[in-house]
Amino acid sequence: MKATKKPAAPKEKRLQGKPVSAGIAIGPLHEAAEPALTICRDKPAPESIPAELERLEDAVARSRKQLQKLKSRLSAMPKDSQAEIAPLLDVYLHMLGASRLMRGIKARIQEGELGAEAAAHEEAEAQAALIMSQAGGDKASRTRRADEVQELARRLIRNLTRQPFRSFEGLPQGSILTAQDLRPAEAALIQPTRFAGIVTAEGGLDGHTAVMLRALGLPAVLGVEGLLDKAAPGCFAIIDGETGDVILNPSKASFDAARKKLAAQTRARRSLARLQHLPAQTRCGVQIELQANLELPFELKMIAESGARGIGLLRSEFMFMNRESAPDEETQFRIYRDIIEAMDGEPVTIRLLDWGSDKEIDVLSRLLPEHPEPNPALGLRGVRALLQFEDLLETQLAAIMRAAIAGPVRIMLPMVTVAQEIIDTREVMRRVWRRLKRRKAVALPEAMPPLGIMVETAAAALAAPLLAKHAEFFAIGSNDLTMYTLAADRSSPGAVKLYDPLEPAVLRLLHLIASFAAAGGVPVSLCGELAARPAATALLLGLGLRQFSMHGNAVPLVKQAIRATTLLACEELANQALAAPDAKAVREILARAQGG
Ligand code: PEP
Ligand code: MG
């Protein structure tokens with residue numbers, strides 16, 4: 001019998017893309033192809049124009065529903081992804097309203113030459129071309145705007161024609177998801193546990209998609225030219241999200257090297273996990289308190305494993321999301337109680353509903369005037385809204401006070417600017433407490449929970465000595481403090497470059513708040529995103545902060561940074577940063593301190 005010759009193993013091929021999200025992925029490449037979109041260009045009969053307009057309305061309603069659903073899914077995603085995609089979804093939702101795009105599509109239908117889907121396509125293409133041809137502004141932001149218009153039109157066309165959207169469902173578990181391109185709204189649908197990594201032929205380092213993938217924590221390389229031509233379906237590959245290397249059909253040597261790197265990464269992760277049981281203490285023996293932020297109850301497990309000592313910020317907004325009506329006292333009570341019990345004696349700081357500005361809550365929108373405020377970030381939000389809608393405040397306070405029987409609880413007020421807001425809230429607290437005491441069959445703790453405040457406006461920071469007379473603790477919200485201090489909104493393309501918590505103006509305020517809190521004998525923690533940046537930990541210690549609350553994932557990394565430094569080094573670093581001319585210089589100082 002003639003021996004059959006074994007087919008030669010496919011040759012290793014190396015490609016290069018943009019390293020978007022660190023980590024090594026090894027697995028078969030499987031493409032999630034976008035179903036082709038066919039557009040009927042037949043001229044409609046004149047009498048069917050009203051029907052075409054009606055179809056368009058129907059597609060708008062479907063698109064709006066899909067986007068709202070996507071928005072509500074966001075609350076289960078990491079904060080970075082939310083911050084990235086929520087404004088984008090708002091742009092899409094806005095465009096579905098009385099926008100130039102919708103006016104243009106309708107006008108084209110009314111002209112009688114095109115059906116709804118062809119009108120949507122032509123109008124979007126025309127507007128995208130116009131945006132790209134405009135002078136001024138940078139090319140990246142023009143491209144982004146043009147993409148947004150085209151993307152929304154594609155969604156409308158799929159809904160008009162009922163042509164399917166791309167799905168990731170059928171792809172094998174553990175594969176490397178491959179695509180020509182990936183849109184941010186699609187990235188929001190990816191379940192990170194299902195895939196080893198992601199590689200695409202298009203896309204760059206800074207797009208919305210890249211930020212989403214980083215937040216999902218999946219190794220990802222984007223912008224690999226010619227990827228789909230060079231990679232056979234199902235072929236084995238290694239992607240390195242740190243270097244941008246993509247190796248197709250890896251040789252044994254490449255496999256071994258990748259496995260080694262993967263093992264080193266896993267070891268590093270494990271050594272972080274071991275930190276869970278070690279104290280958060282500087283090399284010179286100063287004890288630091290690390291707590292976790294909780295946005296959704298499902299994070300409890302991760303918080304328990306993180307080594308955090310309690311919850312420093314429970315954002316209570318989730319209880320009001322995706323509901324037909326606001327939760328009543330009993331519903332809220334049960335949710336708080338379950339969380340407090342799960343924390344098993346560790347303290348839980350519940351922030352009262354922080355509603356308003358960009359934190360929209362559908363079930364409460366009926367309370368607001370029909371016309372939106374001209375400047376919502378400076379309007380009715382946080383404690384201002386709570387004091388205006390006292391029923392809401394009383395219900396939440398009653399639920400928290402009752403739940404406080406289950407363990408140590410603190411109540412925190414968002415967006416405080418003046419002392420009177422604390423005085424007024426405490427008055428409501430006393431009233432609710434008295435009322436609860438009169439109620440039969442209600443178990444209450446011995447004393448009312450302590451009342452503290454978020455320091456997130458420049459006014460609260462500068463008046464901290466006055467506020468310290470009324471608040472039992474401070475928690476610095478560096479996200480809002482940065483925005484209000486620099487008058488820069490991170491989601492505004494015109495101001496995003498200015499938004500940086502490392503600006504000396506913000507650092508000086510942090511230093512001031514820490515000093516005022518110490519002088520007033522009020523404990524202070526920092527619970528904005530800055531607290532979760534291990535590169536900034538030494539600086540924050542040097543500014544006088546000793547308590548932090550952050551996303552549970554960040555706790556081990558921050559603990560590692562604490563255990564690697566001394567207070568003397570931190571203070572030296574803080575002095576240099578406070579004297580720096582700008583955020584860029586501060587970043588350089590931090591990089592130098594880390595030997596980078
Ligand atoms: C902050 O502003 O830093 C903060 C922690 O609150 P939020 O991000 O919920 O506004
Ligand atoms: Mg805030």
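The values are calculated or read from the model by the stated rules, or taken from the named source; none is laboratory data. Quick caveat: nothing in here was measured; it's all calculated off a predicted structure. Quick reminder, even Gly has a Cβ in these numbers, built from the backbone with ideal geometry, and neighbours come from all protein chains shown. Side chains are part of the model used for accessible areas, which takes the heavy atoms of the whole protein and leaves out ligands, DNA and RNA. Shrake-Rupley method; radii C 1.70, N 1.55, O 1.52, S 1.80 Å.
Couple of notes before you dig in:
- Only Cα pairs under 8 Å and 6+ residues apart enter the sum, and on that basis the relative contact order of segment 489-580 stands at 29 percent.
- Taken about its Cα centre, segment 229-268 carries a charge dipole of roughly 240 debye when the Cβ of each Lys and Arg holds +1 and the Cβ of each Asp and Glu holds -1.
- For the chain, the residue among 388, 129, 37 whose Cα projects farthest onto the positive side of the dipole built from Cβ charges is 37.
- Whole-percent carbon and sulfur share, accessible surface of segment 235-282, 1.4 Å: 59 percent
- Cα-based reach from residue 13 at 27 Å (exclusive), listing lysines while leaving out same-chain residues under 8 positions away: 5, 230, 252, 260, 261
- Helix 419-438 axis, angle to the chain major axis (alpha carbon atoms, nearest 10°): 80 degrees
- Segment 492-571: proportion of alpha-carbon pairs further apart than 19 angstrom, %: 40 percent
- Theoretical ellipticity at 222 nm over the chain - DSSP helices of four or more residues, -39500 (n - 2.57) apiece, nearest 500: -14500 deg cm²/dmol
- For the set 229, 240, solvent exposure ranked by accessible area (probe 1.4 Å, protein chains only) runs largest to smallest as 229, 240.
- Coil-residue GluC sites (Glu not before Pro) of segment 405-476, DSSP, other Cβ within 10 Å capped at 10: 446
- Long-range tail of P(r) for segment 183-269 (Cα pairs > 20 Å, %): 38 percent
- For the chain, the residue among 405, 25, 107 whose Cα projects farthest onto the positive side of the dipole built from Cβ charges is 25.
- Multiplying each eigenvalue of the alpha-carbon gyration tensor of the chain by 5 and taking the square root yields semi-axes of 44, 34, 23 Å, largest first, rounded to whole angstroms.
- DSSP finds beta bridges in the chain, and of those with both partners inside it, around 35 percent are antiparallel.
- Convex hull volume per residue for segment 214-344, taking Cα atoms only, in Å³: 197 Å³
- Charge tally in the Cβ shell below 10 Å around residue 356, where Lys, Arg are +1 and Asp, Glu are -1, residue 356 excluded: -1
- Proximal aspartates and glutamates to residue 559, defined as alpha-carbon separation beneath 12 angstrom and excluding residues fewer than eight positions away on the same chain: 289
- With both residues required to sit in segment 256-404, DSSP beta bridges show an antiparallel share near 25%.
- Between 506, 455, 527, the Cα set farthest toward the positive side of the dipole of segment 449-534 (charges on each charged residue's Cβ, about the Cα centre) is that of 506.
- For segment 334-341, 3J(HN,Hα) computed residue by residue from phi via the Karplus equation (6.51, -1.76, 1.60; θ = phi - 60°) reads 5, 5, 4, 4, 4, 5, 4, 5 Hz, glycine and proline entered as x.
- Per residue accessible area of segment 226-277, 1.4 Å probe, in Å²: 58 Å²
- Translational diffusion of segment 368-425, estimated by Stokes-Einstein from the Kirkwood radius over alpha carbon pairs at 20 °C in a medium of 1.002 mPa s, is 165 µm² per second.
- Cα coordinate range in segment 281-360, projected on the principal axes (Å, largest first): 53, 30, 18
- Residues whose placed amide H lies under 5 Å from that of residue 291, excluding near-sequence neighbours: 309, 548, 549, 550
- Taking the accessible area of segment 379-500, probe 1.4 Å, and keeping the other protein chains in place, the carbon and sulfur fraction comes to 55%.
- What a 1.4 Å probe finds exposed on segment 533-596 is 55% carbon and sulfur by accessible area, rounded to a whole percent.
- 5 angstrom amide H check on residue 455, placed H, neighbours 5+ away: 475, 476, 477
- Within segment 118-159: Cβ-based charge dipole about Cα centre, in debye rounded to nearest 20 (Lys, Arg +1; Asp, Glu -1): 140 debye
- Straight Cα distances below 25 angstrom link residue 139 to the lysines 18, 497, 584, with same-chain residues fewer than 8 positions distant left out.
- Volume in Å³ per residue [convex hull over Cα atoms, computed for segment 152-220]: 89 Å³
- Dipole in debye (nearest 20) - the chain, about Cα centre, beta carbon charges: Lys, Arg +1; Asp, Glu -1: 1920 debye
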